[in-house]
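Asks: Provided herewith is a single structure, encoded as structure tokens, for subsequent inquiry.
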Amino acid sequence: YSLIKMKKDIRSLNLKELCSFFESNDFPSFRGNQVYNWLWNKSVFSFDEMTNISLQLRDLLKKEFVINHIKIDNIQKSKDGTIKNAVKLFDDLLVESVLIPVKNRTTACISSQVGCSLDCEFCATSKLKRIRNLNADEIFDQASTINLQSKHYYNRPISNIVFMGMGEPLLNYKNLILGIDKITSKDGLGLSPKRITVSTSGISKLIIKMADSQVKFNLAVSLHSAIEETRNKIMPFSVKFPLDELLNAIKYWNKKTGKIVTYEYIVWKEINDDLRHINALVKYCKASPSKVNLIQYNKTANSLFVSAEDNIIDKYIYELEKNRIPVTIRKSRGKDIDAACGQLANKLINQ
């Protein structure tokens, strides 16, 4: 482990820095392009696999650098085809990522932090202490690994990525953006940013920062209530990010990017299952172009949260559609292996 800390991770270098390294060691700069291609386009984890460069060059790379790649520590497969990975990082910490297959596409749900610093009462991940942010290459590796799994199990590459795994993506802003840049680059997975969704609990100033950066990916916001008092109870950190402030950030996002936001919304019994909450959501949605994704609640250790009755869900759908607000229902997948939304909590680690 001390050797890993002493040597620099080669994937922390950009292409220009890599080419400069070779030039400073009296090798042609194009070797940097070759190595960069091995690291990102071919996702190799060993210098020995870089077969179009000499042994002398490979030995130099081994001497100077490491590749701090992820390893799959455990795989669980659901009866619905969902695959959950326990991902071991170079420092032996673990996160989880999920492959979600449906008829015509495969979605990779990936993590951005080890644990989470937020305190959403209904989410299992929030009960884990945030230990550190994931590096950009660790974010990329999750997507690359699930891409290979999708090809192996379903004979097709991943079609979509959602940052809905462990952690709050916007609190790891720099590495999130760098990771997405690698995923979408022709030197990486070449996935269109239009097929990537970043889900946030609503960090207003960072939504504005993304808008100013003219990012091309999609934005989803975990809302769950458009009434301040309710939202503060179920998501205590949101006291720092009032709904009016969040709405202004979302309006700004729409103005700068031309993209609409998706509000993620779970309906719970005796929490937000009444007409007052339905009307508040409709009003909030009408303030800026948006759509609603109603999410099936997946049980965690907190017994206070129970799914609302079906007729209440139907009432939400009716009122949203009546007001011409697009609404979909996300059916949970991987519940039998605790891989569904809100369930990622590294249970294997704690056994």
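The values are calculated or read from the model by the stated rules, or taken from the named source; none is laboratory data. Quick caveat: nothing in here was measured; it's all calculated off a predicted structure. Note that we place each Cβ from the backbone using ideal geometry, even for glycine, and neighbour counts take in every protein chain shown. With ligands, DNA and RNA removed, areas are computed over all heavy atoms of the protein, side chains included. Shrake-Rupley method; radii C 1.70, N 1.55, O 1.52, S 1.80 Å.
Asks: 222 nm [θ] for the chain, helices only, -39500 (n - 2.57) per DSSP H run of 4+, per residue, to 500?
Replies: -10000 deg cm²/dmol
Asks: First obtain the Kirkwood hydrodynamic radius of segment 201-330 from its Cα pairs, then insert it into the Stokes-Einstein equation at 20 °C and 1.002 mPa s, and state the resulting D in µm² per second as a whole number.
Replies: After rounding, the answer is 142 µm²/s.
Asks: Would you please give the residues with an amide H less than 5 Å from that of residue 269, counting only those at least 5 places away or on a separate chain, with H modeled from the backbone geometry?
Replies: 306, 307, 308
Asks: Report in % the part of the accessible area of segment 1-159 that belongs to carbon and sulfur, leaving out ligands and nucleic acids; probe 1.4 Å.
Replies: C and S fraction of accessible area: 50 percent.
Asks: Which percent, nearest 5, of DSSP beta bridges in the chain are antiparallel?
Replies: Approximately 45 percent, going by the DSSP bridge assignments.
Asks: A further question on this structure: Is the shape of the chain rounded, prolate or oblate, going by the alpha carbon gyration tensor and its root eigenvalues a ≥ b ≥ c, with a/c under 1.5 for rounded and a/b larger than b/c for prolate?
Replies: In terms of gyration-tensor shape, prolate.
Asks: Roughly how many whole Å is it from the C-alpha centroid of segment 221-258 to that of segment 97-158?
Replies: Segment 221-258 and segment 97-158 have Cα centres spaced 24 Å from each other.
Asks: Would you mind working out the accessible area per residue for segment 1-102, using a 1.4 Å probe, and quoting it in Å²?
Replies: Heavy-atom accessible area per residue stands at 52 Å².
Asks: Now, a different point. Kindly work out what percent of the DSSP beta bridges joining two residues of segment 1-119 are antiparallel, to the nearest 5.
Replies: Among the beta bridges of segment 1-119, antiparallel pairing accounts for roughly 90 percent.
Asks: Here is a further query. Mind listing the long-range amide H neighbours of residue 82? Cut-off is under 5 Å, sequence gap 5 or more, other chains count too, H placed in the peptide plane at 1.01 Å from N.
Replies: 334
Asks: Each residue of segment 91-107 in order: what ³J(HN,Hα) in whole Hz does its phi give by Karplus 6.51 cos²θ - 1.76 cosθ + 1.60, θ = phi - 60°, with x for Gly and Pro?
Replies: After applying 6.51 cos²θ - 1.76 cosθ + 1.60, I find 9, 6, 6, 10, 10, 10, 9, 9, 9, 10, x, 10, 3, 10, 8, 10, 10 Hz.
Asks: Right, next: Which value, in Å² and to the nearest 10, is the accessible area of residue 235 when all protein chains are kept and the probe is 1.4 Å?
Replies: 0
Asks: Got the relative contact order for segment 162-293 handy, in percent, Cα pairs under 8 Å and 6 or more residues apart?
Replies: 23
Asks: Check residue 73: other-chain or 5+ apart residues with amide H under 5 Å from its amide H, H built from backbone geometry?
Replies: For residue 73, whose amide H was placed from the backbone, the distant partners under 5 Å are 86, 87, 88.
Asks: Relative contact order, percent, of the chain when contacts are C-alpha pairs under 8 Å separated by at least 6 residues?
Replies: So the answer I get is 15 percent.
Asks: Determine which residues of segment 169-191 fall in the zone a paramagnetic label at residue 205 would reach in this model, i.e. backbone nitrogen under 16 Å from the point 7 Å along Cα→Cβ.
Replies: Within reach of a label on residue 205, which here means backbone N under 16 Å from a point 7 Å along Cα→Cβ, segment 169-191 contributes 170-174.
Asks: Here's a follow-up. Can you give the Rg to Rh ratio of segment 138-234, both from alpha-carbon atoms, with Rh computed by the Kirkwood formula?
Replies: Answer for segment 138-234: 1.03.
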